[in-house]
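S.K.: Before I ask anything, let me first share the structure, which is written out below as structure tokens.
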Amino acid sequence: LSDREHLAKMNLVAGRKALASMAYPSALKYLNIGINLLADDSWETKYQLTFALYETATEAAYLGGNFEEMEQLAEVVLQQAKTLLEKVKVYEIKIQAYTSQNRLLEAIAIARQVLQYFGLNFPDSPSERDIQHSFQKTTLLLANKTVEDLINLPLMTSAKHLAIIRIVSSMIPPTYIADPLLFPLIILSQVNLSIQYGNAPLSAFCYACYGILLNGIQKDIEAAFQFGNLALKLVNQINSQDIEIKTLYVLGAFIFHKKSHIQESSAILLKGYKTALETGDFAFVGYCIKEICLHSYFTGKELINLEKEIINYSHVLQNLKQATTLNYCLISLQTVMNLLGKSDQACNLIGEAYNEDTSLFLLIQANDLNGLHYYYLHKLILCYLFGSFIEAQKNIIQGKKYLAGGTGFITIPIFSFYESLTALAIYPTVKNEPDTLLQQVADNQVNLRQLAEHAPMNYLHKFYLVEAERYRVRGDYFQGMELYEQAISLAKKHKYLNEEALAYELAAKFYLAWGKTKTAKNYLTYAYYAYIRWGAMAKVADLVKRYPQLLAPKLQPEKI
């Protein structure tokens, strides 16, 4: 060995150690020293060492957030590497880097290209028919197999198929976010691959993702839950933190909220977040964080604590240069700030954390359907809570264009819940086709009832509250009365403070319309205090403004 070659090898070892310790700047420094020690013809004369230094440096640059240097190093590897299989790791890194920078369509384009090299092609513009055809193929392959059979499949050994499943797994997040018709096709292709050629380590992640399709498209909650548990069992068998993180995220974000309390899903996501942080899987740090923030908000966590939590998480994402998921957290943060009374315009996401005037365009430009879904959902909820029902309806119309960006998430039933409440709020004033609104509510209630049968702790109080509002608009007061009580009782029992407050408020409005002012005053008082406990001071001020006579005694200083 020459002295330079020996030193280059030592720097490779040091770089790998630093990388494993998550000391990314140090790792990159060692690896660059190693690269600079190489001879000009090292790709010909010392191929393995040169390849290892460049590949590892590409990874270190990506993890350290040096995207420009990552691009340069990746380009060298892709030009010089001898085989397609040797290029897979660098392609994975590029796909992940583009996803984290919100360059979603570019990430998908790279993955498609690599899969084409391996002979796997997908339609340029997938159709519903393509999806149905793929589902049929998978159903046929699963026809005589139980979930237990899938656990016991032989191990996948083909290097080509193992490479394909790695590339597909890295393109799952950007495809989910920006190309919802391609998403089912890539998932189904990997389930098929596992059934035909055996389980790969990443099959666990793909089976969990198949659960998203069963939940979101097939509406088969039980089958989705079975595949979620299959994924969990496989993860326990393979003992890989990297795959455990991805699988836990899917289970916590998409699968378990349809069978158990959302707070239990949050515990799974928190485990995924901590493991992702420890192992340097920063993309999944981001996915887990944005889900934890959303779950905390939708389960009525005290807003003052939630604000601090989201600010801390946002700093983590900023430091890790995870622009895509940081955007989502800032939308949530601005919503929380609006409710806390830290914005002049309660229904607009403009303030210290987020500015919709500039940021909405960026989401559209990136084709970030996930981000657009969150944006319109948060806007819808704010507009509804502050009584801007016509604006809420406009956000529903826009938001419906991006519902594919929320397939399988808790956000879809929540969107339907607020869509129904908005429809019932504006129903008495609508002149053109008011029955269309009632039909939409009826359709939403069918879905909400199904969810409530499987996870009553998350969805039954929502179902009852919409039912109560339906009876209100029909003028059937006695039926409505009972349903408001059930909604309040269940929201309280399952600790949905936000929806407990809302149920009290709607019950108060109901009694007021019925002419029962004293009862209305009691319910409004309960709503007032529930909103205070939640921390929604802008909403408290809104109640006082709307019902000064009923809430006047609450505003007097207490006598000593």
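S.K.: Counting each pair of different Cα atoms once, what's the Kirkwood radius of the stretch 108-167 in Å, rounded to one decimal?
M.R.: Value: 13.9 Å, from the Cα pair sum.
S.K.: Oh, and also: Could you quote the convex hull projected area for the stretch 1-68, Cα atoms only and averaged over all directions, in nm²?
M.R.: Averaged projected area of the stretch 1-68's Cα convex hull equals 4.2 nm².
S.K.: Separate question: If you count only protein heavy atoms and use a 1.4 Å probe, how large is the accessible surface of TYR328, to the nearest 10 Å²?
M.R.: Solvent-accessible area, nearest 10 Å²: 0 Å².
S.K.: Sticking with this one: For LYS495, LYS545, LYS145, write out the residues from largest to smallest accessible area, computed with a 1.4 angstrom probe and no ligands counted.
M.R.: Solvent-accessible surface, decreasing: LYS545, LYS495, LYS145.
S.K.: GLU44 to LYS274: FRET efficiency via 1/(1 + (r/R0)^6), r the Cβ-Cβ distance, R0 41 Å, to the nearest 0.05?
M.R.: The value I calculate is 0.35.
S.K.: While we're here: Of the listed values (i) 93, 59, 40; (ii) 98, 56, 48; (iii) 76, 59, 49, grab the one calculated as Cα extents along the principal axes in Å from the structure here.
M.R.: (i)
S.K.: Once all Cα-Cα distances of the stretch 184-286 are split into 5 Å bins that start at 0, what whole-number percent is in each one?
M.R.: 2, 15, 23, 25, 20, 11, 3, 0
S.K.: Within straight cross-link reach of LYS89, meaning Cα distance under 16 Å, which lysines are found once same-chain residues fewer than 8 apart are removed?
M.R.: In chain and number order, the partners are LYS160.
S.K.: Can you give the Rg to Rh ratio of the stretch 288-346, both from alpha-carbon atoms, with Rh computed by the Kirkwood formula?
M.R.: 0.96
S.K.: Taking the chain as the reference, fit the longest principal axis to its C-alpha atoms, fit the long axis of helix 303-319 to the helix C-alpha atoms, and give the angle between the two in degrees, 0 to 90, nearest 10.
M.R.: In the chain, helix 303-319 runs at an angle near 20 degrees to the longest axis.
S.K.: Ok, one more. Calculate how large, on average over all directions, the projected area of the Cα convex hull of the stretch 280-422 is; give the answer in nm² to one decimal.
M.R.: Here the figure is 8.1 nm², rounded to one decimal.
S.K.: Sort 80-90, 183-193 for me by packing, meaning the mean count of neighbouring Cβ atoms within 10 Å per residue, highest on top.
M.R.: My ranking of the peptides, most packed first, is 183-193, 80-90.
S.K.: For the chain, take the longest principal axis of its alpha carbons; what is the angle in degrees between that and the long axis of helix 47-63, to the nearest 10 within 0 to 90?
M.R.: That works out to roughly 20 degrees.
S.K.: Quick one: Cα centre-to-centre distance for the stretch 468-530 and the stretch 227-288, in angstrom?
M.R.: Cα centroid to Cα centroid, the span is 37 Å.
S.K.: Using Cα-only point scatterers and the Debye equation, what is log10 of I(q)/I(0) for the stretch 413-453 at each q in 0.24 Å⁻¹, rounded to two decimals?
M.R.: For the requested q values the scattering log ratios are -0.74.
S.K.: Does anyone have the angle between helix 369-385 and the longest principal axis of the chain? Alpha-carbon axes, 0 to 90°, nearest 10?
M.R.: Between the helix axis and the principal axis of the chain, the angle is about 20 degrees.
S.K.: Using only helices, what value at 222 nm comes out for the chain when you add -39,500 (n - 2.57) per DSSP H run of length 4 or more and divide by the total residues, to the nearest 500 deg cm²/dmol?
M.R.: -25000 deg cm²/dmol
S.K.: With a probe of 1.4 Å, find how much accessible area the stretch 395-470 has per residue, and write the answer as a whole number in Å².
M.R.: Using a 1.4 Å probe on heavy atoms only, each residue of the stretch 395-470 averages 38 Å².
S.K.: Calculated FRET efficiency, GLN237 and GLU75, Cβ-Cβ r, R0 30 Å, to nearest 0.05?
M.R.: 0.20
S.K.: Still on this structure, I have one more. Taking only the alpha-carbon positions of the stretch 60-157 and ignoring solvent, what does the Debye formula give for the base-10 log of I(q)/I(0) at q = 0.21 Å⁻¹?
M.R.: -1.07
S.K.: Which Rg and Dmax, in Å, describe the Cα atoms of the stretch 391-522?
M.R.: Over the stretch 391-522's Cα set, Rg and Dmax evaluate to 14.7, 45 Å.
S.K.: Whole Å is fine, so just give me how far the alpha carbon centre of the stretch 35-92 lies from that of the stretch 183-209.
M.R.: Centre-to-centre distance over Cα atoms comes out at 29 Å.
S.K.: What accessible area per residue comes out for the stretch 149-272, rounded to a whole number of Å², with a 1.4 Å probe?
M.R.: 31 Å²
S.K.: Which order do TRP534, TRP43, TRP514 take when ranked by solvent-accessible area (1.4 Å probe, heavy atoms of all protein chains), largest first?
M.R.: Order by accessible area, largest first: TRP514, TRP43, TRP534.
S.K.: For an R0 of 60 angstrom, estimate the FRET efficiency from the Cβ-Cβ distance between ALA109 and THR429 and round to the nearest 0.05.
M.R.: For ALA109 and THR429, the calculated efficiency is 0.80.
S.K.: Take the alpha-carbon centre of the stretch 339-411, take the same for the stretch 114-156, and report the distance between them in whole Å.
M.R.: Rounded to whole Å, the Cα centres lie 35 Å apart.
S.K.: Give the aspartates and glutamates whose C-alpha is closer than 19 Å to that of LYS401, dropping any in the same chain fewer than 8 places away, or say none.
M.R.: Answer for LYS401, where 19 Å is the Cα cut-off: GLU128, ASP179, GLU356, ASP368, GLU391, GLU419, ASP443, listed by chain and number.
The values are calculated or read from the model by the stated rules, or taken from the named source; none is laboratory data. These numbers were taken from a predicted model, which means no experiment stands behind them. Glycine also receives a Cβ, built like all others from the backbone with ideal geometry; neighbour counts cover every protein chain displayed. Protein only, heavy atoms only, side chains kept; ligands, DNA and RNA dropped before computing areas. Shrake-Rupley method; radii C 1.70, N 1.55, O 1.52, S 1.80 Å.
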